[in-house]
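Undergrad: I have a structure I would like to understand better, so I am pasting it below and will then ask my questions one at a time.
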Amino acid sequence: MNKAHKRYVNKVLRRIDCSNSYKKRIRNDLHIMMEEKALELNESDPYKLLGEPEQVAEEFAENMGVNLFTKYQYVSEKTILGTPVIQINNHNYRGYEYKSKKTIMGIPLVHINNKPLGVAKGIIACGSISIGIISLGGISIGVISFGGVSFALLLGIGGAALSGVVSIGGLAVAGLFAIGGAAFSNYISIGGAAIAKEFAYGGYAKAKVAIGKEINAKVGFYSESGKGEFVRKIVEDTQLMKDYIYSKVPDLSSFVKGVMDKCMYFVDSLR
């Protein structure tokens with residue numbers, strides 16, 4: 001069987017929604033039909049032998065009592081636990097959608113919706129707008145969220161990220177820890193412009209404890225300018241800097257101390 005015949009058979013099979021065993025039977029039938037027609041007509045073009053793949057698929061589906069996939073849908077023959085490895089719905093080439101048959105509490109395990117303004121909702125969701133436990137999209141909402149604009153309960157990563165716990169992005173806003181070009185947090189912020197309640201590190205840093213080129217803090221160190229009660233110029237001895245901060249803020253949490261220790265490795269970049 002030549003390559004043209006194989007491609008033709010695959011086009012027919014992709015249109016028919018049936019089990020692999022049925023597809024194997026159809027494949028064999030098509031091979032036999034084309035061989036017989038080729039000998040009869042002295043022709044090798046499968047389209048001239050049997051006609052358009054869509055019409056052939058419709059005839060097989062009708063005879064077997066099975067369904068046809070929509071015109072632009074593709075479903076791989078390979079499956080895992082009965083679920084296709086790849087399934088694509090492409091409606092007029094305006095994006096595609098995949099929704100897994102596996103569900104948890106009625107919610108699809110995986111939902112991918114790449115249609116313009118399409119909304120994906122699943123445990124794992126991916127789309128122009130996505131809502132899920134793990135969410136990826138232009139606008140994404142989830143427990144863990146990645147996207148152009150990201151809203152998350154635990155971790156948000158994106159161009160603009162808002163999270164209850166950790167945010168990383170060009171613009172990062174978080175309840176606990178924010179890292180970004182502009183970072184705002186109720187606890188710790190690191191970034192080009194970093195504003196937080198407890199500790200901030202960056203080009204401009206504002207917090208109770210801050211380290212940066214320019215700072216506004218109760219206690220901290222700066223390389224260019226600083227405002228605050230106990231602010232000093234950055235020195236080479238980072239241990240001296242830490243001891244000074246600890247003496248002024250003795251109730252500093254161990255978590256803040258740990259983050260500050262890591263930031264001290266990069267103090268030279270602020271000079």
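Residue by residue, here is whether (1) among the small types (G, A, S); (2) out of contact with any Cys (no Cβ under 9 Å at 6 or more places or on another chain) holds:
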residue: F184; (1), (2): no, yes
residue: I188; (1), (2): no, yes
residue: G192; (1), (2): yes, yes
residue: I195; (1), (2): no, yes
residue: Y201; (1), (2): no, no
residue: I211; (1), (2): no, no
residue: Y222; (1), (2): no, yes
residue: R232; (1), (2): no, yes
residue: E236; (1), (2): no, yes
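Undergrad: May I ask you to verify whether Y47 is modelled with pLDDT of 85 or more, farther than 23 Å from I112 by Cβ, surrounded by fewer than 16 Cβ atoms within 10 Å (Cβ to Cβ) and not polar (S, T, N, Q)?
TA: So Y47 fits the description; yes.
Undergrad: Here's a follow-up. Being farther than 13 Å from S140 by Cβ and touching a Gly at 6+ places or on another chain (Cβ under 8 Å) is the filter; apply it to the stretch 103-117 and report the residue that is surrounded by the most Cβ atoms within 10 Å (Cβ to Cβ).
TA: First, pick out the residues of the stretch 103-117 that are farther than 13 Å from S140 by Cβ: 103-110, 114-117.
Right, trim to touching a Gly at 6+ places or on another chain (Cβ under 8 Å) and you get 107-110, 114-116.
Details: I107: 14, P108: 20, L109: 16, V110: 18, N114: 18, K115: 17, P116: 7.
Step by step, filter the stretch 103-117, then rank; the result is P108.
Undergrad: Another one. Could you list, in sequence order, the residues of the stretch 158-181 that are more than 19 Å from I139 (Cβ to Cβ) and small (G, A, S)?
TA: Those that are more than 19 Å from I139 (Cβ to Cβ) and small (G, A, S): G175, A178, G181.
Undergrad: Have a look at K218, K208, K227, K197 and point out the one that is under 18 Å from L270 (Cα atoms) and not in a helix (DSSP H, G or I).
TA: Criteria check complete, one pass: K227.
Undergrad: Got a sec? Which of G170, G181 is surrounded by fewer than 19 Cβ atoms within 10 Å (Cβ to Cβ), farther than 27 Å from P250 by Cα and assigned by TED's automatic domain parsing to the domain that holds D261?
TA: None of the other options fit; the residue is G181.
Undergrad: If L68 meets every condition in (1) modelled with pLDDT under 90; (2) in contact with a Phe, Trp or Tyr (Cβ under 7 Å, 6 or more places away or on another chain) apart from one, which number is that one?
TA: (2)
Undergrad: Moving on. Being part of a helix (DSSP H, G or I), at pLDDT 80 or above and within 13 Å of F60 (Cβ to Cβ) is the filter here; which residues of the stretch 9-21 pass it?
TA: Hits for the stretch 9-21 are V9, K11, V12, L13.
Undergrad: Still on this model: Please go through the stretch 1-54 and pick out each residue that is more than 24 Å from G65 (Cα to Cα), touching a residue at least 40 places away in the same chain (Cβ under 8 Å) and of a type in the set (D, E, K, R).
TA: D45
Undergrad: Now for a separate question. So P250 passes all but one of these: (1) part of a loop (DSSP other than H, G, I, E, B); (2) modelled with pLDDT of 95 or more. Which condition number does it fail?
TA: (2)
Undergrad: Which of the following residues is under 15 Å from the mean Cα position of the chain (by Cα) and closer than 23 Å to G212 by Cα: G180, G169, G132, G122?
TA: Result: G169 is the single residue among G180, G169, G132, G122 that is under 15 Å from the mean Cα position of the chain (by Cα) and closer than 23 Å to G212 by Cα.
Every residue, every condition in (1) closer than 22 Å to K99 by Cα; (2) touching a strand residue (DSSP E or B) at 6+ places or on another chain (Cβ under 6 Å), yes or no:
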{"site": "S145", "(1), (2)": "yes, yes"}
{"site": "L154", "(1), (2)": "no, yes"}
{"site": "G169", "(1), (2)": "no, yes"}
{"site": "N186", "(1), (2)": "no, no"}
{"site": "A196", "(1), (2)": "no, yes"}
{"site": "I211", "(1), (2)": "no, yes"}
{"site": "I215", "(1), (2)": "no, yes"}
{"site": "E224", "(1), (2)": "no, yes"}
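The values are calculated or read from the model by the stated rules, or taken from the named source; none is laboratory data. None of the values given here were measured: they were computed from a predicted structure. All Cβ positions, glycine included, derive from the backbone under ideal geometry; neighbour counts span all protein chains shown.
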